[in-house]
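Working notes for the structure below.
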Amino acid sequence: MSNKPLKNEWQQLNSMKRIFFVGIGGISMSGLAELSRSFGHEVTGSDRHLTERTEELERIGISVHEGHQGAWIDQFKPDLVVHTAAVHDDNPELMRARELGIRLVDRATYLGWLNLGFDQVVNIAGTHGKTTTTAMCSLILIDAGVDPTVHLGAELIQFKSTVRSGAPGRVMVSEACEYKNSYHRFHSTTAAVLNIDYDHVDCFANLDEVIESFTEFTDHLPTGGQLVVPAFDTRVQKMLAALKRRRLTAGQPMPKTIWFGGNSDLTVPGQDAFCYDNLTYEQGLSRFDVLHNGLHYCTLSLHVPGLHNVHNALAAIACAHTCGGTPEAASRALNDFRGAEGRFTETGTYRGARVIADYAHHPAAARATLEAASHVPHNKTWVVFQPLTFSRTKVLMDEFADALKDCEWLVLAEIYSDREKTNLGISSRDLADRINALGGNALFEQSFETIQKLLDERVQTGDLILVLGPEDIRTLADKLTGRTSHLG
C-alpha cells in the first residue's frame with residue numbers, strides 16, 4: 001500500500017469534494033455514497049426509480065434525483081461522477097459530465113480508490129459466500145476493538161446499512177466481486193478466495209476464464225500480502241498453481257497462504273490453517289471446534305445452517321486474524337451471528353410455515369441452501385425459485401435442473417434480469433420442463449399472485465417455505481410474512 005502512484009490517486013480523491021453517483025440506488029452504490037459522505041464529501045446522485053434504499057439515503061442527508069437528466073450535473077457541479085457498470089455511455093448525466101470535462105469512474109475503480117486510504121485491506125472474493133464471510137469477518141474485528149470500515153453487498157442488521165464507517169485509515173473489509181473483473185481494481189493486504197465456480201456467463205466464456213480472473217485478482221497482492229483459501233477446492237488449487245507460475249516468472253514470492261477446511265482436507269504438514277473438528281448438528285445448526293495449526297482456537301455454535309457456513313466462518317476467522325481478530329472475539333461475534341439480509345434469512349411465518357429467503361442465484365448456491373434447509377426441523381418443503389439473468393439460466397440450464405430436481409415441490413417464477421436487453425429465447429418454463437424430464441416436480445408460474453395462491457392451497461403448519469433468487473422474488477417472502485424492514 002506504499003506504492004507512490006497509488007497514494008497519489010488517494011490524495012486526488014480527497015481533493016474531489018463533490019461526488020455524483022449515477023445509479024445510486026444499487027446495493028453497492030448506495031453504500032459507497034454513504035461511506036463517501038462519512039469521509040467528508042458532498043454527495044448526491046440519481047436512479048431510474050426511488051426505492052426504500054434511496055429513501056434511506058435521503059434520511060441521512062443524501063439527496064437523490066428520480067430519473068436521469070444532464071441538468072442534475074449542471075445543478076450540483078460535481079468534481080467526480082461515479083457510475084455503475086450497468087449504466088450505458090448514452091446516459092444523459094455521463095454525457096453532460098464529459099461535455100464539462102468532469103472526471104468519470106466506474107464503481108469498481110472508485111471502491112479501489114477507497115482501499116488506498118487504509119493501512120490494511122481485506123477483500124473477500126469467491127463465487128459464493130462473499131457477503132456472509134465479509135459480515136462475519138467485520139463483526140469479529142468490531143468485537144476485537146479494531147473498528148473496521150466495511151463495504152457489504154447486503155444489509156446487515158448490526159450496521160442498519162450495507163456499510164460501516166470505522167477508524168480512519170486503519171482497516172477496511174469489503175466484498176470483491178468478479179463480475180466484469182471489477183475486483184482487479186481493488187488493492188488488498190489480505191485477499192480471500194472462498195471457492196470458484198463457473199458464473200457470470202455473460203462476461204466469462206468458460207471456467208478457465210473464471211480461474212484466470214481469480215488468478216489475476218490474487219496476483220495483485222503485494223509482497224508480504226496474505227491469501228486465505230480453502231484446502232478442499234480443486235479449482236482454487238488450479239488458481240494457486242497459475243499464481244505460482246506467474247510469481248516465479250516475475251521473480252516475486254508467493255503471498256503467505258492461510259488455509260481453511262476440515263482436518264482431513266489438509267495434506268501438507270505445517271500448513272498455516274484454520275480447521276473445524278467435532279462437527280455436530282443440533283436442531284439443524286452446526287456446532288464445532290475451530291483449530292488453528294492444530295491447537296484449539298474457539299468453539300462455535302452457529303445460528304446460520306449448512307456446511308458452507310462452517311467454511312464461511314473459518315474463512316472469516318482467518319481473514320480477521322490477519323488484522324487483529326482474536327479467538328474470544330470470534331466466539332462472541334459468530335455465536336451471535338444471524339446472517340446478512342437475503343442469506344438464509346428467516347422472514348417470519350405464513351400459514352404456520354417458516355419462511356426463509358436466500359439469494360441462491362447459482363446451481364451450487366441452490367444446492368448449499370437446500371442442504372442447509374435439510375438440517376432444519378420441518379415437515380414438507382415448498383421451494384419458490386426465480387433464476388437471475390437469461391444468460392446464466394441458458395448456459396447453466398442442466399446444472400440448475402440437476403440441483404433442483406429432487407425438491408419435493410418446486411414452483412419457478414419467470415427469469416429476472418435488470419441488465420440484459422434480450423431474453424435469449426429462454427424462459428423459466430424451459431427449466432421447469434427440463435426438471436420434470438429428470439423426474440422432478442416443477443411448476444411454472446408467471447405472477448407472484450398465482451404462486452401465493454398455490455402456497456395457500458398446499459402449505460400447512462410445520463412446513464418450510466424457501467424463497468430463492470434475487471431481490472425481486474425475495475420481496476414475496478416479505479409479503480407472505482408481513483415483514484416491512486430488513487434492519488430491525
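The values are calculated or read from the model by the stated rules, or taken from the named source; none is laboratory data. The shown structure was predicted, so the numbers you read here are calculated from the model rather than taken from an experiment. Don't worry about glycine lacking a Cβ; one is built from the backbone with ideal geometry, like all the others, and counts go over all protein chains shown. Just the protein is used for accessible areas: all its heavy atoms, side chains included, with ligands, DNA and RNA removed. Shrake-Rupley method; radii C 1.70, N 1.55, O 1.52, S 1.80 Å.
Only one residue in Tyr198, Tyr183 is within 17 Å of the chain's Cα centre (by Cα) and over 18 Å from Thr133 (Cα atoms), so which one is that?
Within the list Tyr198, Tyr183, the selection yields Tyr198.
Hey, could you check the stretch 87-108 for residues that are open to solvent by 30 Å² or more (accessible area, probe 1.4 Å) and of a type in the set (Asp, Glu) and say which is farthest from Glu175 (Cα to Cα)?
Step by step, filter the stretch 87-108, then rank; the result is Glu99.
Could you check the stretch 109-150 and list, in sequence order, the residues that are in contact with a Cys (Cβ under 8 Å, 6 or more places away or on another chain) and either open to solvent by 10 Å² or more (accessible area, probe 1.4 Å) or at pLDDT below 95 (or both)? So that I can check it myself, show each step before the final result.
Our first condition is that a residue be in contact with a Cys (Cβ under 8 Å, 6 or more places away or on another chain); within the stretch 109-150, this holds for 120, 122, 124-125, 130, 133, 137, 141, 146, 148.
Matches in the stretch 109-150: Gln120, Lys130.
Quickly run through the stretch 465-480 and pick out the residues that are closer than 18 Å to Arg338 by Cα and surrounded by fewer than 20 Cβ atoms within 10 Å (Cβ to Cβ).
Matches in the stretch 465-480: Asp478 only.
Residue-wise test of (1) more than 23 Å from Ala176 (Cα to Cα); (2) at pLDDT below 95; (3) not aliphatic (A, V, I, L, M).
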site	(1), (2), (3)
Met16	yes, yes, no
Ser30	no, no, yes
Ser36	no, no, yes
Gly40	yes, yes, yes
Val64	yes, no, no
Gln69	yes, no, yes
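Given the criteria over 22 Å from the mean Cα position of the chain (by Cα), of a type in the set (A, V, I, L, M) and surrounded by fewer than 17 Cβ atoms within 10 Å (Cβ to Cβ), does Leu438 qualify?
yes
Out of the residues in the stretch 233-288 meeting the condition of being assigned to a loop (DSSP other than H, G, I, E, B), closer than 21 Å to His308 by Cα and touching a residue at least 60 places away in the same chain (Cβ under 8 Å), tell me which one is least open to solvent (accessible area, probe 1.4 Å).
So in the stretch 233-288, the residues assigned to a loop (DSSP other than H, G, I, E, B) come out as 233, 251-255, 266-272, 283-284.
Right, trim to closer than 21 Å to His308 by Cα and you get 233, 266-267, 272, 283-284.
Retained after the next criterion (residues that are touching a residue at least 60 places away in the same chain (Cβ under 8 Å)): 283-284.
On the way: Gln283: 145, Gly284: 5 Å².
It comes out as Gly284.
For the stretch 61-84, state whether one or more residues are closer than 21 Å to Asp472 by Cα and of a type in the set (D, E, K, R).
For the stretch 61-84, residues closer than 21 Å to Asp472 by Cα and of a type in the set (D, E, K, R): present.
Which condition breaks for Thr461 when tested against (1) modelled with pLDDT of 95 or more; (2) within 26 Å of Arg53 (Cα to Cα); (3) of a type in the set (S, T, N, Q)?
Here Thr461 meets the rest and fails (2).
Working carefully through the options Thr223, Thr218, find the one that is surrounded by 22 or more Cβ atoms within 10 Å (Cβ to Cβ), free of Cβ contacts under 8 Å to residues at least 40 places away in the same chain and of a type outside the set (A, V, I, L, M).
Numbers: Thr223 fails: surrounded by 22 or more Cβ atoms within 10 Å (Cβ to Cβ).
After ruling out the rest, the residue left standing is Thr218.
Which residue out of Thr481, Thr461 is in contact (Cβ under 8 Å) with a residue 60 or more places away in the chain and more than 28 Å from the chain's Cα centre (by Cα)?
Numbers: Thr481 fails: more than 28 Å from the chain's Cα centre (by Cα).
The conditions single out Thr461.
In the stretch 155-173, what residues are small (Gly, Ala, Ser), in contact (Cβ under 8 Å) with a residue 40 or more places away in the chain and in contact with a Ser or Thr (Cβ under 7 Å, 6 or more places away or on another chain)?
Ser165
For the stretch 376-488, which strands (runs of 3 or more DSSP E) that fit wholly inside it have 3 or more residues that are among the aliphatic types (A, V, I, L, M)? Can you show your working first?
Values: elements: 381-385, 409-412, 442-444, 464-468.
Once the strands (runs of 3 or more DSSP E) in the stretch 376-488 are filtered for at least 3 residues that are among the aliphatic types (A, V, I, L, M), what remains is 409-412, 464-468.
Just checking: which of the helices (runs of 4 or more DSSP H) contained wholly in the stretch 20-86 hold 3 or more residues that are among the small types (Gly, Ala, Ser) and open to solvent by less than 30 Å² (accessible area, probe 1.4 Å)?
Output list reads 27-38.
If I filter the stretch 417-431 down to residues being modelled with pLDDT of 95 or more and of a type in the set (Ser, Thr, Tyr), which single residue comes out as least open to solvent (accessible area, probe 1.4 Å)?
Ser428
Here is a check on your reading of the model: is Tyr198 open to solvent by 10 Å² or more (accessible area, probe 1.4 Å), in contact with a Leu (Cβ under 6 Å, 6 or more places away or on another chain) and more than 25 Å from Leu248 (Cβ to Cβ)?
yes
Among the residues of the stretch 163-187, what is the count of those that are open to solvent by 10 Å² or more (accessible area, probe 1.4 Å) and either under 19 Å from Arg246 (Cα atoms) or not in a helix (DSSP H, G or I) (or both)?
Within the stretch 163-187, residues that are open to solvent by 10 Å² or more (accessible area, probe 1.4 Å) and either under 19 Å from Arg246 (Cα atoms) or not in a helix (DSSP H, G or I) (or both) number 13.
Please find, among Arg351, Arg367, the residue that is open to solvent by 20 Å² or more (accessible area, probe 1.4 Å) and either free of Cβ contacts under 8 Å to residues at least 40 places away in the same chain or on the phi < 0 side of the Ramachandran plot (or both).
Arg367
So which residues in the stretch 370-416 are at pLDDT below 95 and open to solvent by less than 10 Å² (accessible area, probe 1.4 Å), if there are any at all?
Ala372, Ala373, listed by residue number.
Does Val121 satisfy being without any contact (Cβ under 8 Å) to a residue 60 or more places away in the chain, touching a Ser or Thr at 6+ places or on another chain (Cβ under 7 Å) and not charged (D, E, K, R)?
Judged against the criteria, Val121 is not a match.
Is it fair to say Asp89 is more than 18 Å from the chain's Cα centre (by Cα) and in contact (Cβ under 8 Å) with a residue 40 or more places away in the chain?
Details: more than 18 Å from the chain's Cα centre (by Cα): yes; in contact (Cβ under 8 Å) with a residue 40 or more places away in the chain: no.
The answer is no for Asp89.
So, in the stretch 352-375, how many residues would count as being among the small types (Gly, Ala, Ser), touching an Asp or Glu at 6+ places or on another chain (Cβ under 8 Å) and not in a helix (DSSP H, G or I)?
Residues that pass the stated criteria total 3.
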